[in-house]
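The values are calculated or read from the model by the stated rules, or taken from the named source; none is laboratory data. All of these numbers come straight from a predicted model, not from anything done at the bench. In this analysis, Cβ positions are derived from the backbone assuming ideal geometry, glycine residues included, and neighbour counts consider all displayed protein chains. Side chains included, ligands, DNA and RNA excluded: accessible areas come from the protein's heavy atoms. Shrake-Rupley method; radii C 1.70, N 1.55, O 1.52, S 1.80 Å.
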Amino acid sequence: MIAFVRGEVAAVTLNSAVLEVGGVGLELMCTPGTLATLRVGRQAMLPTSMVVREDSLTVFGFLDDDEKQVFEIVQTASGVGPKVAQAIVAVMSPDDVRRAITTEDVKALTRVPGIGQKGAQRIILELKDRIGPPVGAHPSPASQPAGAPWRDQVQQGLVGLGWSAKESEKAVEAVAPDAGEMPDVGALLRAALRTLSKA
């Protein structure tokens with residue numbers, strides 16, 4: 001099992017990053033919030049989770065161990081595969097996920113692309129006793145690169161999650177007043193997704 005990957009960032013795409021490890025480029029599927037912290041040519045260390053299927057072997061990369069843990073726990077609910085699990089950690093912080101499940105907040109979970117009313121209820125039912133309470137850990141704004149072109153990153157993240165460029169642009173404008181001096185791209189992306197789910 002690959003627990004983490006450390007190496008130089010060779011490339012960053014809309015939904016993945018390539019880290020060079022010992023002369024080998026390893027592609028990690030990542031959320032937009034995680035990708036926003038990476039810079040080509042810089043060193044990075046990402047906790048990882050490997051998903052093995054008959055026809056594929058995929059490595060998912062995360063901002064921290066907390067995000068990785070939630071990604072792995074939600075997959076133990078029936079009907080939740082790695083893609084939906086990744087969408088969950090892209091839209092919600094680990095504590096938001098714990099809070100939604102422990103307080104039985106179906107509405108919060110249905111904001112995630114790919115989760116309907118029944119799916120949300122099943123996740124709550126199956127994970128309520130296992131997910132644990134919110135732990136108060138969340139990425140600090142300082143972990144985001146200073147002066148990051150957050151607008152592009154949030155917009156690309158939304159497009160990567162299936163929204164149109166026009167819808168994404170509108171959502172970015174809606175959350176722009178909340179950006180502040182040190183934009184937290186992950187939080188802004190989640191806020192943008194909330195505005196889209198209301199629309």
Calculate the length of the line joining the C-alpha centroid of region 62-109 to that of region 1-55, in whole Å.
20 Å
With label points built 7 Å along Cα→Cβ from the Cα atoms of residue 107 and residue 125, find their separation and express it in nm.
2.2 nm
Got a sec? Which residues in region 110-126 would a label at residue 58 touch, if it sits 7 Å along Cα→Cβ and we count backbone N under 16 Å?
113-115
12 Å beta-carbon shell around residue 49, net charge (K/R +1, D/E -1)
-2
Taking placed amide H atoms and a strict 5 Å upper bound, the residues 5 or more places from residue 48 or on another chain that come that close are 4, 5
Quarter of the surface of the C-alpha convex hull for the chain, i.e. direction-averaged projected area in nm², equals 11.3 nm²
Would you kindly state how much longer the chain becomes between residue 76 and residue 152 on full extension, computed as 0.36 nm times their sequence separation minus their alpha carbon distance, in nm to one decimal?
24.0 nm
Net charge near residue 108: determine it from the other residues with C-beta under 13 Å of the C-beta of residue 108, scoring Lys and Arg +1 and Asp and Glu -1.
+3
Residues with beta-carbon under 15 Å from that of residue 9, excluding residue 9: net charge, scoring Lys, Arg +1 and Asp, Glu -1?
0
Geometric extent, Cα atoms of region 1-91 - Rg, Dmax (angstrom)
12.5, 39
According to a simple spin-label model (label point 7 Å from Cα along Cα-to-Cβ), what is the distance in nm between residue 20 and residue 6?
1.8 nm
CD proxy, 222 nm, the chain: helix-only mean residue ellipticity via -39,500 (n - 2.57) per DSSP H run with n ≥ 4, per residue, nearest 500, stands at -12500 deg cm²/dmol
List the longest stretch of the chain that has no exposed loop site; here a site is one of the GluC sites (Glu not before Pro) assigned by DSSP to anything other than H, G, I, E or B, with at most 14 other Cβ within 10 Å.
105-180
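State which entries of 83/166; 83/118; 128/198; 118/166 exceed 21 angstrom in Cα-Cα distance in the structure shown.
Table pairs above 21 Å Cα-Cα are 83/166; 128/198; 118/166.
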Accessible-area order (highest first, 1.4 angstrom probe) of the listed residues 26, 193:
26, 193
